[in-house]
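The values are calculated or read from the model by the stated rules, or taken from the named source; none is laboratory data. None of the values given here were measured: they were computed from a predicted structure. In this analysis, Cβ positions are derived from the backbone assuming ideal geometry, glycine residues included, and neighbour counts consider all displayed protein chains.
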Amino acid sequence: MHLFDSGSLYTSPDDYDLTRLVPHEEERRRIQDRIEKTLDRFLCSGVTTVASLGGPRWELDLQSRSGAPHVVAAWPFLANFPVSEITLWTREDPVLVQVATPEAARVKVRELFENGVGIVKAGYAGPNPSEFAPVLAAMVDEAHAKSLRVAMHAEELEAAKMALHAGVDVLAHTVVDRRLDDDVLALARERGVVSITGLSHFGSYRDVLEESTTLLPIEARCGDPEVIVTWDDLARIPAAERPAMPASIRGGSSSEGRAILLENVRLLHRAGVPLAVGTNGGNVGTLQGPSFHRELRMLAEAGVPLEDVLVAATRDGALALGLLEERGTIEKGRAADVQEVLAEWEPAGFELEALHEFLPSQHLFVFRRQRD
């Protein structure tokens, strides 16, 4: 997910520009001022570790905060394209930095390392991934020399192939443009790559723009009401004055795009590629915290068995971030985030919520905070 986004109607001016109604500065200030409350939304949703894969510098400070959720931050992600002219963050503190040569990539990775990032995030856009391949390979080589893992934004098959050949550790998002082929699946399994799911944000974005959002019960309880209420603002904007739906959202939320996402995550699972639950949280309509449960639903819809959904939500999330030696499973020697959270919540009391809404045959429970 991305902590520099809120999930509100106004959070993505680079691809849905409503800054004439809410200026960058106002939304930016609201997000930063409420960051602790946002992190609390994750605890409310049962999430005790989050990874912000690309964001402004202040996210680095969250890595040293005490208590759950534990934060892993990438700072800006490194890409072959420049930051948009219309962006939520500033040129003085960009969330994306363009790198055009292998040496520039190495220099930037060294800077990220020296500033204490928890992971490196790479991105690519364009028709010819081979041009970026040597830059990405240098980035991966330098990161691994510093014991940093690299996650690659890869929603297109060719970008995923480039990432795998370059040696990335994590594919961030499921490929949505084409069905994965056997060579990609074999290479991902052979190299021990973890695939972050990223299935539900396309539909959530489209639902907001089509004024058809229906909240899950846990989203109504744990979602930020100040974010949710902004979605209703769209009704007051004449259709002719609204920005066009972003092409990526239109494609990913179409019946064909949804079918490809579900098929590809099913293929990855069958091939033995570890899956880690990730929401791309903060995009319009994707609530920080409870959107995690939409992702679980889509994994179940794809045919991933319950026990493997749980592994994707816990162990393999830690595996993706290189944290498996300290967290992600309940066993001796692991960090006890759950114990820490329960101790914090004890004065308020507890409620148990069964996940029977979408997994009715299992006896499975999660703790959540009792709200006033």
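Side notes on the structure shown:
- For segment 291-336, a tally of residues being part of a loop (DSSP other than H, G, I, E, B) and either small (Gly, Ala, Ser) or surrounded by fewer than 19 Cβ atoms within 10 Å (Cβ to Cβ) (or both) returns 17.
- Tally of residues being surrounded by fewer than 22 Cβ atoms within 10 Å (Cβ to Cβ), assigned to a loop (DSSP other than H, G, I, E, B) and under 16 Å from the mean Cα position of the chain (by Cα) across segment 47-68: 1
- Selection status of ALA133, of a type in the set (A, V, I, L, M, F, W, C), under 12 Å from ALA166 (Cα atoms) and either free of Cβ contacts under 8 Å to residues at least 24 places away in the same chain or surrounded by fewer than 22 Cβ atoms within 10 Å (Cβ to Cβ) (or both): yes
- Out of LEU148, LEU180, LEU171, LEU199, sole residue that is assigned to a loop (DSSP other than H, G, I, E, B), within 20 Å of LEU324 (Cα to Cα) and not polar (S, T, N, Q): LEU148
- For LEU215, the criteria (1) more than 23 Å from ARG315 (Cβ to Cβ); (2) part of a loop (DSSP other than H, G, I, E, B); (3) under 17 Å from the mean Cα position of the chain (by Cα) hold in every case but one, which is (3).
- There is at least one residue in segment 151-165 that is surrounded by fewer than 23 Cβ atoms within 10 Å (Cβ to Cβ), over 22 Å from SER248 (Cβ atoms) and free of Cβ contacts under 8 Å to residues at least 60 places away in the same chain.
- Any hit, segment 109-125, residues being at pLDDT below 95 and surrounded by fewer than 21 Cβ atoms within 10 Å (Cβ to Cβ): yes
- Among the residues of segment 176-228, those that are over 26 Å from ALA163 (Cβ atoms), of a type in the set (Val, Ile, Thr) and surrounded by 13 or more Cβ atoms within 10 Å (Cβ to Cβ) comprise VAL208, THR213, ILE218, VAL227, ILE228.
- Which listed residue is in contact with a Leu (Cβ under 8 Å, 6 or more places away or on another chain) and small (Gly, Ala, Ser), from ALA235, ALA240, ALA271, ALA244: ALA271
- Filter pass, ILE228 being within 21 Å of PHE292 (Cβ to Cβ), at pLDDT below 95 and part of a helix (DSSP H, G or I): no
- Among the residues making up segment 71-87, those that are in contact with a helix residue (DSSP H, G or I) (Cβ under 7 Å, 6 or more places away or on another chain) and crowded, with 23+ Cβ neighbours inside 10 Å are ALA73, TRP75, LEU78.
- Each residue in segment 173-207 was checked for being touching a Lys or Arg at 6+ places or on another chain (Cβ under 7 Å) and farther than 30 Å from ALA235 by Cβ, and 1 of them qualify.
- GLY257 being among the small types (Gly, Ala, Ser), surrounded by 13 or more Cβ atoms within 10 Å (Cβ to Cβ) and either at positive phi or in a helix (DSSP H, G or I) (or both): yes
- Screening ALA100 on (1) buried (at least 16 other Cβ atoms within 10 Å of the Cβ); (2) farther than 24 Å from PHE202 by Cβ; (3) hydrophobic (A, V, I, L, M, F, W, C) shows it passes everything except condition (1).
- Of the residues in segment 95-116, not one is of a type outside the set (A, V, I, L, M) and within 26 Å of LEU199 (Cβ to Cβ).
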